[in-house]
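K.L.:
This is the structure I want to talk about, given as structure tokens.
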Amino acid sequence: MSRKWSSPKFPDSYVGKNSKDYEDSIWMERNQKKTTFSCIEYLYDENLNKLGKFDHLSKERSLILDMGCGTGFSSEILVSQGFRVVAIDILVDMIYKAREKKESYKEYDSISLVLADINFLPFRDEIYEVAISVSAFNFIIHNLHEMEEKRKRVSKTARNLFTILKPKGRIVIEFYPSNQRELEMFTSSFTKNGFNGFLIKKREIQQSGQTFLLLKKVGGSK
């Protein structure tokens, strides 16, 4: 498949025939799985241990939230690494493809698929110790145009994530902010809502493009 996926348009690039193209893309599968391995590595980053009260994330694989799971590439890797996975996506076509895969392979029985919006997570308080999002988080503002609208939405989503994470819970978000202003908006929305963290970029000088946001819950109840 061509590299048209480097500039996807949400939701059009992921519905109908495009959902099959996504699932069949060797490049997409390789990229998503490689990125998921990076997210897992970053969950255990030594610098996250030092934020707030020093602690180590247990090596015992726990329940993990996969936000924006698509057709399940990221969830496949999480299961292969021993996690019990709750995978959510807002698009029916993506969840349908992931369900087909789950029904075909017994090793994916531990994946629970949920049709849900990252902005409105349907989970009880403090249920997850860890969460990741691969190439999906920037889409939570896809239908907004004014910066203040975007800021309010991201801030509300950060508060919701704070609520469902256990104390000292961790999130790794891999996403593609369009510019420095948008990057700062995402980062500050978390730091103002009970998280501490830092960025990792493939190229230090870049202001947009692939970015990993490593976060740890350090604040009190919201």
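K.L.:
Where Lys and Arg each count +1 and Asp and Glu each count -1, what net charge lies around MET185 among other residues with Cβ under 9 Å from its Cβ? Let's see the in-between values first.
P.N.:
Details: positive: LYS150, ARG151, ARG181; negative: GLU182, GLU184.
Computed value for this residue: +1.
K.L.:
For the chain, with a Gaussian network of springs between Cα atoms less than 10 Å apart, report the residue from PHE186, PHE120, PHE137 with the top mean-square fluctuation.
P.N.:
Judging by the Gaussian network model, the answer is PHE120.
K.L.:
Can I ask one more? Would you be so kind as to identify which of LEU115, ALA158, GLY16 lies farthest towards the positive end of the dipole of the chain, taking Lys and Arg as +1 and Asp and Glu as -1 on Cβ and the Cα centre as origin?
P.N.:
About the Cα centre, the residue reaching furthest to the positive side is ALA158.
K.L.:
Something else about it: Determine ³J(HN,Hα), in whole Hz, for all residues of segment 149-154 in sequence, where each value follows from phi through the Karplus function 6.51 cos²θ - 1.76 cosθ + 1.60 and θ = phi - 60°; x replaces Gly and Pro.
P.N.:
With the stated coefficients, segment 149-154 comes to 4, 4, 4, 5, 5, 5 Hz.
K.L.:
Here's something else I'd like to know. Which percent, nearest 5, of DSSP beta bridges in segment 31-217 are antiparallel?
P.N.:
40 percent
K.L.:
List the residues, sorted by chain then number, that are 5 or more residues from SER112 or on another chain and whose placed amide H is less than 5 Å from its amide H.
P.N.:
VAL85, VAL86, ALA87
K.L.:
Determine the alpha carbon to alpha carbon distance for each of LYS33/LYS101; LYS9/LYS150; LYS152/LYS216; LYS101/LYS202; LYS156/LYS202; LYS20/LYS102 and list only those over 24 Å. Working shown, then result.
P.N.:
Numbers: LYS33/LYS101 15 Å; LYS9/LYS150 17 Å; LYS152/LYS216 21 Å; LYS101/LYS202 31 Å; LYS156/LYS202 28 Å; LYS20/LYS102 16 Å.
Violating the 24 Å Cα-Cα cut-off are LYS101/LYS202; LYS156/LYS202.
K.L.:
Sticking with this structure for a sec: When only DSSP loop residues count, what trypsin sites (Lys or Arg not before Pro) in segment 87-152 have their Cβ near at most 13 other Cβ atoms within 10 Å?
P.N.:
Passing sites in segment 87-152 are ARG124.
K.L.:
Okay, moving on. Would you compute, from DSSP H runs of 4+ residues alone, the mean residue ellipticity of the chain at 222 nm, taking -39500 (n - 2.57) per run and dividing by the full residue count, rounded to the nearest 500?
P.N.:
Rounded to the nearest 500, it is -11000 deg cm²/dmol.
K.L.:
Grab the beta carbon distance between GLN180 and HIS142, set R0 = 25 Å, and tell me the FRET efficiency rounded to 0.05.
P.N.:
FRET efficiency, GLN180 to HIS142: 0.80.
K.L.:
A further question on this structure: Across the chain, where is the longest run that never hits GluC sites (Glu not before Pro) in a DSSP loop with at most 16 other C-beta atoms within 10 Å?
P.N.:
After excluding every exposed loop site, the longest remaining stretch is 61-125.
K.L.:
In segment 3-68, which chymotrypsin sites (Phe, Trp or Tyr not before Pro) are in a loop and have at most 16 other Cβ atoms within 10 Å, using DSSP for the loop call? Numbers along the way, then the final one.
P.N.:
Numbers: sites: TRP5, TYR14, TYR22, TRP27, PHE37, TYR42, TYR44, PHE54; in loops: TYR44, PHE54.
Loop-located and lightly packed - TYR44, PHE54.
K.L.:
Charges only on Cβ, +1 for Lys and Arg, -1 for Asp and Glu: so what's the dipole of the chain about the Cα centre, in debye to the nearest 20? Provide the component values of the computation, followed by the final result.
P.N.:
Numbers: 36 positive and 29 negative charges, 98 e Å.
Computed about the Cα centre, the dipole is about 480 debye.
K.L.:
Report the trypsin sites (Lys or Arg not before Pro) located in segment 2-66 that are in a DSSP loop and have at most 13 other Cβ atoms inside 10 Å of their Cβ, or state none.
P.N.:
LYS9, LYS50, LYS53, LYS59
K.L.:
What list of ³J(HN,Hα) values in whole Hz, one per residue of segment 177-185 in order, does the Karplus curve 6.51 cos²θ - 1.76 cosθ + 1.60 (θ = phi - 60°) give from phi, with Gly and Pro shown as x?
P.N.:
x, 7, 6, 5, 5, 5, 4, 5, 4
Every number here is computed from the coordinates shown, using simple stated rules; none is lab data. All of these numbers come straight from a predicted model, not from anything done at the bench. Here Cβ is always computed from backbone atoms with ideal geometry, including for glycine, and neighbour counts include all displayed protein chains.
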